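The values are calculated or read from the model by the stated rules, or taken from the named source; none is laboratory data. Values in this document were obtained by computation on a predicted structure and should not be read as measured data. With ideal geometry, Cβ positions are generated from the backbone for all residues, glycine too; neighbour counts draw on all protein chains shown. Heavy atoms of the whole protein, side chains included, go into the accessibility calculation; ligands, DNA and RNA do not. Shrake-Rupley method; radii C 1.70, N 1.55, O 1.52, S 1.80 Å.
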Amino acid sequence: MEKYSLLSLFRHAGRHHENWSRAWRDPAPKEAYDTVIVGGGGHGLATAYYLAKEHGVTDVGVIEKGYLGGGNTGRNTTIVRSNYLRDEAARLYDFSLKLWEGLSQELNFNVMFSPRGVMNLGHTLQEMRDIERRVNANRLNGIDGEVLTTDQVQKRVPLLNCSPNSRYPVLGASWQPRGGIARHDAVAWGFARAADAHGVDLLQQTEVTGIRCQNGAVVGVETSRGFIGARKVACVTAGNSGVLARMAGLRLPIESRPLQALVSEPLKPCLDTVVMSNAVHCYISQADKGDLVIGAGVDGYNGYGQRGSFHVIEHTLAAVCDLFPAFSRVRMNRQWGGIVDICPDACPIIGKTPVEGLYFNCGWGTGGFKATPGSGYVFADTLANERPHPLVEPFALDRFASGALIDEHGAAGVAH
Ligand code: FAD
Ligand code: PYC
C-alpha cells in the first residue's frame, strides 16, 4: 500500500501541475431541472450528493454565484462538535458528527476530520454551572462530554494560562473528545466531486437574480445565464438567505452579520486540541500546516461586506494573549470575514416555505460548518419526500409563529 502511494506521489510530482483531470465537470445549464439548489457551499453540495445517492434524484443543478466553497464554507474556523444544550439541536448536530466520523471513507476524499477534542473554558462559577448542565444534558442524549477541573485543563493544554491570578482565571472546562476540526475546502470538494459523479450539474459563476413563481408555486430561477426551470428550488445561501427570500416575496426572521477569523504564521506543533472561551470571546486551534486558527465574535451591525471591524479582532487577540501569553509574540498572517445569517434562537430554519416547491436551509449563524453532512442528509430527505425529516421537524419556519423556539445561544455563544 505504502509503495503505491509513494509511486503515485512521484508520478504527480513529475507532472508540474499539468494535465490534471477535472474533479468535476463544467456543464452548460440545462433548460430545467427537477431540483435546483441555490448555493454551492458545503450544505448545498452535501444536499445534492445525498439527494442523488440516497434518493436517486440526479436531475439536480447546483447554482453558485462564485466558486464552490467560496462562501462561509471556505471562511470558517472549522470547529466540529455536537455539545448543544437542547435535545432537538443536540440530536441534529450529533447526527452530523456521526457522519463526519465516516465522511472521508464515504466520499473517498480525505476531509481531514481530526477528532482532537473541543474544550469550552469556564471562568466564573455561573459559567461552570452552565457547563455542568450542558454536559449532563449531552450525556442524557448519549453525547460524549466531561467536566474538567483546572488541573485537568492545564494538563491537556500546557500553554494555557491557568494561574488563579490571571485576568480570566480558568475554573474548569467542558470537554467533548469526539469534537475537533476538519479541512473546510476538502469538504466542499469532496461533496462536489461525489455529487458530480452521480450526474449532478455544478454551475459556478452563475448568480440567481430572481425566483419565478406562478399561482403560489415556484417554477424556476432567473440567473445571470438565463432562466432555469425547476419543480423544486432549495435555497442554501448562508449570508444571503434574506436576499433570496425577498426574491420570492418572503421575509425571514434573520439578521446577516459579519463574522471574522484570522490565522497566524505557522508554528511547530504546540496546541493539539480546540480551545473555546465564551467569556473572553475567542476560539483557537492549530491547523495541520502549523498556523493558529483564531476566531472572533460577530460585528454588532447587519451588513453584506465580507470583512469586519478592527476592534472586534483587536479584542479577540487581547483575549488570546491573556489566555496564551506565549502567543503574544506570534505574528498574524491573514484576516477575513464571512456573513452569517442568525435566527433569534440561534438555530437554523430547514424545510418548506409558504411558496409550494420552495425550500430553505439557512440560519446556521456562526455554527453551521459542523452541521454540513448532517444538514445535507436531512435536507435531501426532506426535499425528496416533500415532508420534514424527523430530525428537522422542530426547525421549521413556523416555529417563529408558534413560539416553539429552541434557544441555543448558550452553545453557540462564543461567536455571538
Ligand atoms: P456557504 O458556504 O456560505 O454557501 C452559500 C453559497 O451560496 C455561497 O457560496 C454563496 O456564494 C452562494 N450564494 C449566495 N447568494 C447566491 C445567489 N444569489 N446565487 C447563487 N449563489 C449564491 N461553523 C462551525 O460549525 N464551526 C466554526 O468553527 C465556524 N466558524 C466560522 C467562522 C467564520 C469566520 C464564519 C464566517 C463562519 C463560521 N462558521 C462556523 C459558520 C459556518 O461557516 C457556516 O454556518 C457554514 O459554512 C454555512 O455553510 P453553507 O454551505 O450553508 O454556506
Ligand atoms: O460553532 O463551534 C462553533 C464555532 C466556533 C467558532 C465559530 N463557531
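Restricting attention to region 346-372, which residues are outside any strand (DSSP E or B) and either among the hydroxyl-bearing types (Ser, Thr, Tyr) or more than 15 Å from ligand 2 (Cβ to nearest atom) (or both)?
Listed by number, the residues that qualify are Thr353, Pro354, Val355, Gly357, Thr366, Thr372.
Show the residue pairs that are 6+ apart or on different chains and have beta-carbon atoms under 8 Å apart, the first residue being within region 17-33 and part of a loop (DSSP other than H, G, I, E, B), the second being open to solvent by 100 Å² or more (accessible area, probe 1.4 Å).
Ala23/Trp189; Pro29/Arg225
Given (1) within 16 Å of ligand 2 (Cβ to nearest atom); (2) open to solvent by less than 20 Å² (accessible area, probe 1.4 Å); (3) more than 30 Å from Arg307 (Cα to Cα); (4) not β-branched (Val, Ile, Thr), identify the lone condition not met by Arg86.
Unmet condition: (2).
For residues in region 72-87 being touching a residue at least 60 places away in the same chain (Cβ under 8 Å) and charged (D, E, K, R), which is nearest to ligand 1 (Cβ to nearest atom)?
Arg75
Which of the numbered conditions does Glu393 fail, given that it passes all the others? Conditions: (1) surrounded by fewer than 21 Cβ atoms within 10 Å (Cβ to Cβ); (2) within 14 Å of ligand 1 (Cβ to nearest atom); (3) more than 17 Å from Asp341 (Cα to Cα).
Against the list (1) surrounded by fewer than 21 Cβ atoms within 10 Å (Cβ to Cβ); (2) within 14 Å of ligand 1 (Cβ to nearest atom); (3) more than 17 Å from Asp341 (Cα to Cα), Glu393 comes up short only on (2).
Which pairs do you get when a residue that is free of Cβ contacts under 8 Å to residues at least 60 places away in the same chain, found in region 258-280, comes within reach of a residue that is of a type in the set (Asp, Glu), reach meaning Cβ atoms under 7 angstrom, with the pair 6+ apart or on two chains?
Here the result reads Pro266/Asp291, each pair linking region 258-280 to a residue that is of a type in the set (Asp, Glu).
Out of all the residues in region 322-370, which are among the basic types (Lys, Arg) and either in contact with a Phe, Trp or Tyr (Cβ under 7 Å, 6 or more places away or on another chain) or more than 16 Å from ligand 1 (Cβ to nearest atom) (or both)? Working first, answer last.
Let us first name the residues in region 322-370 that are among the basic types (Lys, Arg), namely 329, 331, 334, 352, 370.
Once the filter is applied, which keeps residues that are among the basic types (Lys, Arg) and either in contact with a Phe, Trp or Tyr (Cβ under 7 Å, 6 or more places away or on another chain) or more than 16 Å from ligand 1 (Cβ to nearest atom) (or both), region 322-370 yields Arg329, Arg331, Lys352, Lys370.
Could you name every one of the strands (runs of 3 or more DSSP E) located completely within region 213-318 that has at least 2 residues being surrounded by 20 or more Cβ atoms within 10 Å (Cβ to Cβ) and within 14 Å of ligand 2 (Cβ to nearest atom)?
Details: elements: 217-223, 226-235, 255-266, 274-277, 282-286, 291-298.
So the answer is 255-266, 274-277, 282-286, 291-298.
Working only within region 394-406, note down all residues that are in a helix (DSSP H, G or I) and within 20 Å of the chain's Cα centre (by Cα). Explain how you work it out, then say what you get.
To start, the set of residues in region 394-406 that are in a helix (DSSP H, G or I) comprises 394-395, 399-402.
Scanning region 394-406 gives Pro394, Phe395.
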